[in-house]
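The values are calculated or read from the model by the stated rules, or taken from the named source; none is laboratory data. Please read these numbers as outputs of a predicted model, since none were measured by experiment. Cβ atoms come from the backbone with ideal geometry, glycine included; neighbour counts cover every protein chain shown. With ligands, DNA and RNA removed, areas are computed over all heavy atoms of the protein, side chains included. Shrake-Rupley method; radii C 1.70, N 1.55, O 1.52, S 1.80 Å.
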Amino acid sequence: MELLLPLFLNGVVNGAHYALLAMGFGMIFATTGVVHFAYGPVYAVAAYLTWWSVTVLSLPFLVAMGVGIVGCAVVGMASYVLLYRWFLRNDSPPFIILVVSLGLLMLITNLIGVAFGTNAKTVNDVTYGFYFIGSAVVTGVQLWQVLALVVVGLGLAAFMKWTAYGSYIRAMQDNMLMAKIVGINTERVSLVVFGIGSGISGIAASLILVKEGALPHMGFLAVFYAFLAAVVGGLGSLPGAVAGGLILGLVESLGVWRVSSDWQTTIAFGVLFIVLIWRPTGLWKGY
Amino acid sequence: MEYVYHIGVVISLYVILSVSFNITIGLAGLFALAHASFYAFGAYAAAILSVKLGIGFPLSMLVGIVGAGVVGMIIALPALRVGGHYLVIITLAFQAIVTDFLRNANGLTGGPDGLAGVEPINLFGADLTTPGDFLPLAVFFAVLVYLIGQRLERSPFGRALRAMREDESAVQSVGKNPVAFKLLAFAVSGGLAAIAGSLFAHYVSYVGPHSFTVEETILILTMVILGGIGNLTGSVVGAIILVLLPEALKLLSLPPITADMLRGCIYGAMLIVILRFRPQGLLPERHSIPKIADSLRAELKAVGKTVFDIAKVAASGPTLVGKGLHKRFGGIVAVDDATITLKAGRVTGLIGPNGAGKTTAFNLLTGFISTNSGEVTFRDESIGGLRPHEIVSSGIARSFQDLRLFRSMTVLENVLVALPHQAGDKLLNVFFRPRLVRHQEAENLLKAEAVLAYVGLREKAMERADNLSYAEEKLLVIARLVATGAEVLLLDEPLSGLDPTTLEQILPSIRRLAEEGRTVCLIEHNLDVIQKVCDYAFYLDEGRVLAEGPPNELMQDPELQGRYFR
């Protein structure tokens, strides 16, 4: 039982990270219909930008984080304007757009590798504390990860509920055609959604940079987890994304209780594989 | 020179992989992204058998093929339930599990280090160790896989796969079981990919998990897309180009990791550029229009089969009967205690205002949805529990309000798919009884021509279905129904949206179907049309049968008139 508490906390923390990723990913998918695989490498861009700002430009971490988030949002928006928009305008089948995003994933991932090399980039001068919860140790970064989920989640919920853009987004998620008919500038809203969604992943990325460092291939698993969490929770549902992320984190973490940690991913994917076959629309009804 | 041979071997392996991938992605339209796991299965089966048990080629390859075929069927399971994005994510998850398994099951797979020391293939007493020795075998298998794929593509099985890609419900409605087709498509695709895996293991005498990752699946996908989705020759071209292109990078003498990454960049950019500027690929999918060879025509003539008549149906009395049908959707009662009797030789109409439950009644009668209570019988035998395609096989066929033609197939093919009892729908026949399949195909072509002549579409046989006018589409729907050979035909609004002139052209066809002994039932809103074409009608409103009788009598009922025009 002594192992259980740290595993549980670890699961919640990782789950918060996945939930954050799932929120941005799910929002982009539910609003624009794009399965944005390049969400992963765009997230990696944020981590590398933050790292570069800290180590090369010697900016304070919080400022560097801002650079990362903004840069990530810009790259996300650029991928919409330069790439997806053309396919959406021409009514390309969803699978074509999905493959395009796979192509973009390969392109950006490998460009990062060519530009920065394949060794891990870490920031060492960011200090954070250690805290005890019962017998378990929690680091400051882990607390930030959970806090980020709470703040972003509430902020996003408020944004969706109370702002004009929020209502446009909800309208588009509900019925794209009707949204166009009532005069919503769906392309501008899509652009905003790509910005916000990517920005959210940027927050997650800069925290992961502090915790684990950055690698060129970090984006692939990230978008994969985001996709899984979003699907498990119900694509496009905000509470669904949070629940999906936490479930994913906990399943993965608690699995280690009985099985070697090498099998962590296998357990998570295996459980999800079964859940999705059993209930393909996810636990929460979203989009 | 050995270097050139080596490239040849690599190309052969990727030809096998891309051609086999194109069977699921292109022909069947099943977007499963786990192809590298079949490749892995073939490779690891060969490696494990060779290293641990000392079993070599060809048995090792056979085990890989059968095993990967089974794995293919496992992947097909989710494809039976979900489509689109869900299939993509589930298969990606499966792919990730496979890679993880290879990396972690140290005892079996050698873990991250993989398995070294796989015995080379020994053929005619000589070990095939050098690329030059290996090349002929690799090419042999590449050609074999291509030919297998091609025969599959051109067979009735392949035609049914393409039809399924267009519209799954429509495939069911002509009496085919999509489940069987999906399972087999995955099994074949997986089994063929395993051949490449087996060759790979014996060729490099080493297997490791990094060769079979998601990136590998994406690479093969790029080859398929570059060549052209649905075009097997295109896959060959795609494989050749994408193997050769990165070799050019070697001339730049970059460090290997950078070269690897640049290769990744090229593949990624390539995917984007193709889909942006030429989404159909270098060689777009071609429609091999079936022709009857002259020799076959002669053979058929010799046995007296040159023209097919559309058979008359000898039947009378009640055929399809729905008793006390009841259907709820959530809290809404769509059909409430409706009893509908269809009789042979007459055209029965279902009429009633929008939302009266006509289409639901249709779906109940044809088994597309199940009843909450009540029973549907066909010639006094219950059809409850039969699946839609089985109901069609037993003699009841339906059309859809939204037509659901196989739009990118020719008119002739639309009819061909619907013909019943095709030997070539069975994969075993396609490969082991080709003569039977060829003969039957020739007969079926004649039958299809006859059916088209019957509805007056003979001249349009080679047109793509999406080039037809609206009226012609409606005729094709009728042709497809007739082709199923069913004696009970249910048509969901076959006449709606037609101008009076066209209507006059189509009405006789429908009358004729009934006059020849078939049971015809149709949904229609236009009262004039109902009076012209129907012998008998059921008036439905709010899910109930309010009245039945000859249309003239129904029309004179003031209450029904009031309800209808309300």
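Miscellaneous remarks
- Counting only the Cα atoms, the stretch B:447-498 fills a convex hull of 79 Å³ per residue.
- Based on Cα contacts under 8 Å between residues 6+ apart, chain A shows a relative contact order of 38 percent.
- Averaged over its residues, chain B has an accessible area of 40 Å² per residue, based on protein heavy atoms and a 1.4 Å probe.
- Taking 0.36 nm per residue of separation and subtracting the Cα-Cα distance, full extension of the segment from B:Thr258 to B:His210 would add 15.6 nm.
- Whole-percent pair-distance distribution, where bins are 10 Å wide, for the alpha carbons of the stretch A:21-217: 9, 33, 32, 19, 6, 1
- Between 0 and 90°, nearest 10: helix B:256-277 axis offset from chain B longest Cα axis: 20
- Legend: residue pairs B:Lys323/B:Lys532; B:Lys460/B:Lys532; B:Lys176/B:Lys358; B:Lys52/B:Lys426; B:Lys426/B:Lys460, Cα-Cα distance threshold 31 Å; pairs beyond threshold, B:Lys52/B:Lys426.
- Among the trypsin sites (Lys or Arg not before Pro) in the stretch B:220-293, those placed in a DSSP loop whose Cβ has at most 15 other Cβ atoms within 10 Å are B:Arg286, B:Lys291.
- Placing R0 at 22 angstrom, the Cβ-Cβ distance between B:Ser408 and B:Arg151 gives a FRET efficiency of 0.55 after rounding to 0.05.
- The charge dipole of the stretch A:21-217, taken about the Cα centre with unit charges on the Cβ atoms of Lys, Arg (+1) and Asp, Glu (-1), comes to about 260 debye, rounded to the nearest 20.
- Taking each DSSP H run with n ≥ 4 as -39500 (n - 2.57) and averaging over every residue of the protein assembly as shown yields -20500 deg cm²/dmol at 222 nm.
- Cα-based helix-to-principal-axis angle, B:232-249 vs chain B, degrees rounded to 10: 30
- Its residue count N sets the reference 2.2 N^0.38 Å, and the alpha-carbon radius of gyration of chain B equals 1.15 times that reference.
- Solvent accessible area, Å² - A:Ile181, 1.4 Å probe, full protein context: 110
- The C-alpha atoms of chain B define a longest principal axis, and helix B:84-104 lies at about 30 degrees to it.
- Since only A:Ala120, A:Ala158, A:Gly202 are under comparison, the one whose Cα sits farthest along the positive direction of the charge dipole of chain A, derived from C-beta charges on Lys, Arg, Asp and Glu, is A:Ala158.
- Accessible area expressed per residue, the stretch A:21-217, with surrounding protein chains retained (probe 1.4 Å, Å²): 41
- Distribution of pairwise C-alpha distances over the protein assembly as shown, 10 Å bins, in %: 2, 11, 19, 21, 19, 15, 9, 4, 1, 0
- Only Lys, Arg, Asp and Glu carry charge here, each on its Cβ (+1 for the first two, -1 for the last two); on that basis the stretch B:318-565 has a dipole of about 860 debye about its Cα centre.
- Approximating the spin labels as points 7 Å out from Cα along Cα→Cβ, the B:Ser373-to-A:Ile274 distance works out to 3.8 nm.
- Averaging the sequence gap over all C-alpha pairs within less than 8 Å and six or more residues apart, then dividing by the number of residues, gives the stretch B:2-212 a relative contact order of 45 percent.
- Rounded to whole numbers, the Karplus 3J(HN,Hα) couplings from phi for the stretch A:153-164 are x, 5, x, 5, 4, 5, 4, 5, 7, 10, 9, 5 Hz, using 6.51 cos²θ - 1.76 cosθ + 1.60 with θ = phi - 60°, and x at Gly and Pro.
- Once A binds B, the 1.4 Å probe can no longer reach about 3800 Å² of accessible area, counting both sides.
- Label-to-label distance for B:Leu244 and B:Asn106 is 4.5 nm, based on points extended 7 Å past Cα in the beta-carbon direction.
- Whole-percent carbon and sulfur share, accessible surface of the protein assembly as shown, 1.4 Å: 61
- Accessible surface comparison of A:Trp278, A:Trp51, A:Trp86, probe 1.4 Å, protein chains only, largest first: the order is A:Trp278, A:Trp86, A:Trp51.
- Electrostatic dipole magnitude of chain B [Cβ: Lys, Arg +1; Asp, Glu -1; Cα centre; debye, to 20]: 580
- Sites A:Ala164 and A:Val63 - FRET efficiency at Förster radius 30 Å, r taken between beta-carbons, to 0.05: 0.50
- Built amide H within the under 5 Å cut-off of A:Ile184, gap 5+: none
- Note on A:Val70 and B:Leu59: the model spin-label points, each 7 Å out from Cα along the C-beta direction, lie 6.8 nm apart.
- Probe 1.4 Å, all protein chains present, accessible-area order of B:Ser235, B:Ser370, largest first: B:Ser370, B:Ser235
- Using the Cβ-Cβ distance between B:Arg458 and A:Phe8 with R0 set to 56 Å, the FRET efficiency from 1/(1 + (r/R0)^6) comes to roughly 0.20.
- Here the gap between B:Ala116 and B:Glu542, fully extended at 0.36 nm per residue and compared with their Cα-Cα distance, gives a gain of 146.2 nm.
- Peptide B:102-109 shows a mean partner chain C-beta count of 2 within 10 Å per residue C-beta.
- The chymotrypsin sites (Phe, Trp or Tyr not before Pro) of the stretch B:73-139 meeting both criteria, a DSSP state outside H, G, I, E and B (loop) and at most 16 other C-beta atoms within 10 angstrom of the site's C-beta, are B:Phe124.
- Ranking by accessible area, most exposed first, for B:Lys52, B:Lys532, B:Lys447, B:Lys182 with a 1.4 Å probe: B:Lys532, B:Lys52, B:Lys447, B:Lys182
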